[in-house]
1. Residue by residue through segment 1-27, note down the ones that are surrounded by 15 or more Cβ atoms within 10 Å (Cβ to Cβ), within 21 Å of Ala112 (Cβ to Cβ) and either without any contact (Cβ under 8 Å) to a residue 12 or more places away in the chain or in contact with a strand residue (DSSP E or B) (Cβ under 6 Å, 6 or more places away or on another chain) (or both).
2. Can you name the condition, by its number, that Phe62 falls short on among (1) open to solvent by 30 Å² or more (accessible area, probe 1.4 Å); (2) not in a strand (DSSP E or B)?
3. Report, by residue number, each residue of segment 108-152 that is within 12 Å of the chain's Cα centre (by Cα), open to solvent by less than 20 Å² (accessible area, probe 1.4 Å) and not basic (Lys, Arg).
4. Among the residues of segment 19-38, which ones are under 24 Å from Lys129 (Cα atoms) and not in a strand (DSSP E or B)?
5. Just give me the residues in segment 78-88 being surrounded by fewer than 22 Cβ atoms within 10 Å (Cβ to Cβ) and either modelled with pLDDT under 95 or not hydrophobic (A, V, I, L, M, F, W, C) (or both), in sequence order.
6. Considering only segment 153-161, I want to know if a residue exists there that is out of contact with any Phe, Trp or Tyr (no Cβ under 7 Å at 6 or more places or on another chain) and crowded, with 22+ Cβ neighbours inside 10 Å.
7. Does segment 30-58 hold any residues that are more than 29 Å from Lys85 (Cα to Cα), touching a strand residue (DSSP E or B) at 6+ places or on another chain (Cβ under 6 Å) and surrounded by 17 or more Cβ atoms within 10 Å (Cβ to Cβ), and which are they?
8. When only residues in segment 146-163 that are of a type in the set (S, T, N, Q) and within 28 Å of Lys179 (Cβ to Cβ) count, which is modelled with the lowest pLDDT?
Amino acid sequence: MPALAKKTVHDYLKLPEGSPYQLIQGELVTSPASSIFHQKISKRIFQILYKNIENDQKGEVFYSPVDVYLDEENVFQPDLVVVLKDSKANIEEKGIIGAPDVVIEVLSPSSAYYDLVEKKEVYQKYGVKEYWIVDPKRKTVEIYKNSDDGFVLVASARENGKVFSEILSLEFDLNDIFKEE
């Protein structure tokens, strides 16, 4: 059986607005809506970032769904994205063109493989400076910094710990992120 032809940005742009797809390594991948806990975590991180990045006019923070165009076969919709003032990424009406400075993915059962493997490799290749993996089930945050050796784990914490983002010069208390209401 012949392999399916890879999809490109051209194919992706033909989808109806709001379609729950990402273009990952030339494959259209769909994801169901995230859980309420996932959304609460994402919202809390966004609020902290907004307060410390946008209010201080250091850059802009975006939340899903926002398209991040990395190449012809990779258009992702990360949970959260930070584009700092001096970033190489361009913010356009259709989305973010190029690698954002910080990408944050909150894991869910349907996206974990892509976030931990496929997308992580592409983010690294295109120069995302910091990549965060937030795991709601384990209540952990891992921050990877892009280096000459690829992504290197520079901070991690569980439940009531703290992590520090070098790129953002900002400390996060996991109690603020994972608190149960």
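1. Tyr21, Gln22, Leu23 - these are the residues of segment 1-27 that are surrounded by 15 or more Cβ atoms within 10 Å (Cβ to Cβ), within 21 Å of Ala112 (Cβ to Cβ) and either without any contact (Cβ under 8 Å) to a residue 12 or more places away in the chain or in contact with a strand residue (DSSP E or B) (Cβ under 6 Å, 6 or more places away or on another chain) (or both).
2. Phe62 satisfies every listed condition except (2).
3. Matches in segment 108-152: Ser111, Asp115, Val122, Tyr123, Val128, Glu130, Tyr131, Trp132, Ile133, Val134, Ile143.
4. Once the filter is applied, which keeps residues that are under 24 Å from Lys129 (Cα atoms) and not in a strand (DSSP E or B), segment 19-38 yields Gln25, Gly26, His38.
5. Selection gives Lys85, Asp86, Ser87, Lys88.
6. no
7. Keep residues of segment 30-58 that are more than 29 Å from Lys85 (Cα to Cα), which gives 30-37.
Next, only the ones that are touching a strand residue (DSSP E or B) at 6+ places or on another chain (Cβ under 6 Å) stay: 30.
Of everything in segment 30-58, nothing turns out to be more than 29 Å from Lys85 (Cα to Cα), touching a strand residue (DSSP E or B) at 6+ places or on another chain (Cβ under 6 Å) and surrounded by 17 or more Cβ atoms within 10 Å (Cβ to Cβ).
8. The selected residue is Asn160.
The values are calculated or read from the model by the stated rules, or taken from the named source; none is laboratory data. Worth saying up front: this structure is predicted, and the values here are computed from it rather than measured. Every residue, glycine as well, gets a Cβ built from its backbone with ideal geometry; the counts of neighbours run over all protein chains shown. SASA here: full protein model, heavy atoms, side chains in, ligands and nucleic acids out. Shrake-Rupley method; radii C 1.70, N 1.55, O 1.52, S 1.80 Å.
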